[in-house]
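In what follows, a structure is listed as structure tokens, so that the remarks can point back to it.
The values are calculated or read from the model by the stated rules, or taken from the named source; none is laboratory data. The structure displayed is predicted, hence computed values, not measured ones. Cβ atoms come from the backbone with ideal geometry, glycine included; neighbour counts cover every protein chain shown. SASA here: full protein model, heavy atoms, side chains in, ligands and nucleic acids out. Shrake-Rupley method; radii C 1.70, N 1.55, O 1.52, S 1.80 Å.
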Amino acid sequence: MMMKRHTALLAFLAVAWSLAVSPGAVAQAPPPSADDEAIPVFGVESTVVLLDVVVRDKKGRLVKDLQASDFEVFENGEPQTIADFQVVDRGPLHFSPSSSPEAASATPAPSTTAATGPGAAEPAAAPQAEPGVIAFIFDRMSTRGRDMAHQAARAYTTQGHMEGDVVGVFMLDQTLHTLQTFTTDIEAVGAAFDRAAAQGQTQFASTRDEAREHQADARAAEAALSAMGGTGAGAGDASAQAAAANVAVQRTFALIEANMLNSFDRLERDQQGFASTNGLMAVVNGLRALPGRKTIVFFSEGLTIGSSVLDQFRSVIAAANRANVTMYAIDAGGLRTESGTREARAELVSNAQQRFRQESQGFTQLSDGAMMQGVERTEDMIRLNPQIMLGRLADETGGFLVANTNDATKGFRRIQEEMRFYYLLSYVPTDGRYDGRFRTISVKTARPGVEIYTRKGYLAVPPDTVVPVRAHEAPAIAQLDRDPAPDDFALYASALSFPQPQRPGRVPVLVELKGDALTYTLDEDKGEYTADFTIVARLRNDQGQEVDRLSRRYPLTVPKDSLDKVRQGSILFFQETDLPPGRYTLEAAAHDAVGDHASVRRTSVEVPPSPEGAMRLSSLVLLEKVEKLSPSEVGGDNPLYYGETILYPNMGEPYHKSVTPTLGFYFTAYGAGDEIPGQATIELLQGEQVLAKLPTPLPHADGSGRLQHAASLPLQNLPPGEYGLRIVLDSGSASYARQARFVVAE
């Protein structure tokens with residue numbers, strides 16, 4: 001038995017080491033989704049949905065004697081057939097020797113059973129006992145909050161740690177810090193808790209109170225100005241005019257300062273929210289490789305989830321549910337002396353006072369639009385209540401929130417109970433499509449007087465993903481798997497190889513669509529059009545496996561008088577990845593959420609081997625246009641920067657000789673010493689036939705060993721048709737070639 005436990009632990013630790021990663025691997029959060037109530041959760045694994053379910057009675061005790069026939073599962077309100085049913089029981093609560101005797105004897109040993117639902121296959125063998133896996137994450141907190149979190153975490157080491165638990169400790173600041181890699185050493189875990197309490201963190205100072213003071217000053221100025229009869233009062237009295245003008249200036253600048261502080265506060269909260277959610281996403285993504293149910297205990301004084309962070313927050317929930325990670329949130333504020341909705345209440349009072357004063361005095365300098373902005377801001381304030389957003393994080397992943405207490409001991413005992421005993425249900429959805437849509441799940445039982453804890457639904461996306469599926473990506477990912485692929489509008493995609501000494505697998509990915517491809521909705525009140533679309537770029541290796549996925553959501557706002565200009569323009573998606581040598585397929589999808597239209601394009605890219613000392617030749621880039629860079633951009637790291645210009649690749653559009661009489665092209669090469677030859681050979685191809693060869697002198701490499709070369713080829717004498725352009729560099733010891741195809745039209 002000890003040998004089995006040791007082997008299982010080594011297997012867990014081998015994967016868990018991957019959690020000590022840089023959060024830079026987590027993509028920057030996209031802008032918010034339009035639908036605040038669309039809850040993204042876990043995806044389907046293969047064609048089976050797995051649900052771990054905890055059932056408690058009215059006194060909070062685990063209910064352990066339910067059978068498959070006691071449960072009903074519904075997806076989008078439709079009943080599902082339970083294919084398999086198991087009772088997962090990891091045995092009695094054996095607390096570590098440092099735990100209190102009371103805790104060790106508090107919970108009786110549960111029994112182990114297994115059964116199947118009606119019409120299901122024979123029950124599988126009882127799962128092998130595996131160590132519980134817990135990640136403790138400390139959010140950015142005040143000194144008081146860190147002390148409270150430290151006290152609660154220490155309660156785990158003394159009264160909550162189960163023998164054999166594998167525990168990791170992490171801290172969130174501007175980045176993710178690993179305080180303790182996964183271990184069974186409870187003393188090392190305790191030391192990590194101590195470090196979490198002692199380390200200083202970046203503090204974001206709220207400017208909300210100061211902003212409200214400036215708003216109060218503006219209201220006072222409005223009242224004074226109204227009493228004077230407005231800026232035109234006392235027209236025959238120069239001193240009265242001057243006084244009124246002075247009050248008007250005071251009011252204007254008070255409003256300016258209030259708006260500045262409110263904007264700064266919003267940006268500060270967004271930065272804090274992105275840091276927290278990105279860190280959570282990194283840990284969740286690391287845990288997904290481990291089998292079974294995993295646990296995250298998250299200490300925070302409240303997640304700052306503004307509207308621009310909301311979509312990323314949903315994506316964390318989606319990734320956690322997909323990875324079978326249950327989150328338990330602990331409000332490190334402990335017993336609070338004031339309501340968590342204080343900010344929302346203060347903001348509402350401030351907005352109401354401002355509006356009532358305007359209406360009573362007939363003063364209308366602030367429009368209804370400004371008032372609506374205040375209401376939207378108040379909604380953001382409501383999300384600052386830790387018992388709302390922390391509770392949502394826990395509830396939607398099957399956990400719970402520990403709040404309004406300075407003693408988390410009972411919370412840890414309950415967490416341990418749920419880690420060691422739960423029901424595992426599985427079903428094959430009656431709707432087996434991977435359509436990227438959210439599907440609600442509800443689990444019911446015939447047993448009266450009980451409460452069920454489980455996940456709330458899932459996103460129907462394919463299971464073979466290496467990057468967590470973000471909420472905004474799901475509809476676009478579904479387009480990639482449609483057969484035939486949608487082609488509702490023109491879409492262009494390209495993946496390029498730009499090897500460098502430190503980044504031999506550097507691959508820029510570009511996707512372009514025209515502005516007139518989108519559906520725009522007019523908001524008459526605001527006098528603007530809105531559009532909402534997402535671009536997803538998925539890279540697969542030659543075995544068809546996803547190796548990376550890039551994406552961005554674009555919620556566009558266009559002034560009413562600028563729509564024609566936007567329709568005539570283009571939208572360019574540009575992101576980078578790093579890939580090992582090999583040949584890859586780029587699958588790009590653009591999904592218009594408003595019109596529910598989409599297009600998909602596929603192309604390929606080869607990342608050549610890059611042995612040490614060998615010359616590195618980039619893709620041959622055919623150019624569409626060139627733009628001058630701003631002074632601040634010159635010298636940047638973008639591989640398409642060329643001197644004081646940026647080069648835009650042609651991604652498949654024909655070259656019309658009447659518009660573009662020459663074909664521009666560009667490539668880079670890296671090498672040391674004499675590895676890069678003094679000239680290259682340009683070959684013009686039609687099919688496999690070489691139509692012409694042209695030797696081209698090359699410039700010298702710069703101090704980093706990089707050579708950049710841009711040139712052009714006349715098109716006037718080429719008949720319409722498809723051609724190829726090839727660049728060949730012969731270093732003497734080896735020959736390097738890259739090729740690109742293009743179409744010539746009149």
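A few remarks follow.
- Whether the stretch 594-634 is rounded, prolate or oblate, judged on the alpha carbon gyration tensor where a/c under 1.5 counts as rounded: oblate
- Relative pair counts by distance (%), Cα atoms of the stretch 130-177, 10 Å bins: 24, 49, 25, 3
- Summing charges over neighbours of residue 508, with a neighbour being any other residue whose Cβ is under 12 Å away from its Cβ, gives -1 when K and R count +1 and D and E count -1.
- Virtual spin-label span in nm between residue 612 and residue 702, 7 Å along Cα→Cβ: 2.6
- Prolate is the label for the stretch 406-458, because a/c, from the alpha-carbon gyration tensor with a ≥ b ≥ c as root eigenvalues, is 1.5 or above and a/b exceeds b/c.
- Each other residue within a Cβ distance under 15 Å of residue 738 adds +1 if Lys or Arg and -1 if Asp or Glu, for a net charge of +2.
- Global geometry of the stretch 617-739, whether rounded, prolate or oblate, following the gyration tensor of its Cα atoms and the 1.5 cut on a/c: oblate
- Residue 585-residue 76 pseudo-label distance in nm [points 7 Å out on the Cα-to-Cβ vector]: 2.7
- Percent accessible area from carbon and sulfur atoms, the stretch 560-606, protein chains only, probe 1.4 Å: 45
- At an R0 of 51 angstrom, the distance between the Cβ atoms of residue 440 and residue 238 translates into a FRET efficiency of 0.15.
- Net charge of neighbours whose Cβ lies under 15 Å from the Cβ of residue 710, counting Lys and Arg as +1 and Asp and Glu as -1: 0
- Potential extension, residue 503-residue 524 segment - 0.36 nm per residue separation minus Cα distance: 2.6 nm
- Set of the stretch 612-626 residues, backbone N closer than 18 Å to the point 7 Å along the Cα-Cβ line of residue 641: 626
- Computed from the alpha carbon atoms alone, the convex hull of the stretch 502-556 holds 123 Å³ per residue.
- For residue 48 and residue 632, the FRET efficiency from 1/(1 + (r/R0)^6), where r spans their Cβ atoms and R0 equals 51 Å, is about 0.45.
- Taking the Cα centre of the stretch 395-535 as origin and assigning +1 to Lys and Arg Cβ atoms and -1 to Asp and Glu Cβ atoms, the resulting dipole is close to 960 debye.
- Accessible surface of the stretch 666-714, 1.4 Å probe: 52 percent of it comes from carbon and sulfur atoms.
- Sites residue 741 and residue 185 - FRET efficiency at Förster radius 45 Å, r taken between beta-carbons, to 0.05: 0.15
- Residues of the stretch 495-531 with an amide N closer than 19 Å to a point placed 7 Å from the Cα of residue 656 along the Cα-to-Cβ direction: 513-517.
- Theoretical gain in end-to-end length, residue 712 to residue 576 [0.36 nm per residue, Cα-Cα removed]: 46.3 nm
- Selection from 519, 595, 507 lying farthest towards where the dipole of the stretch 476-612 points positive, charges on Cβ: 507
- A straight chain from residue 67 to residue 483 at 0.36 nm per residue would run longer than the Cα-Cα distance by 145.7 nm.
- Probe 1.4 Å - accessible area at residue 520, Å² to nearest ten: 30
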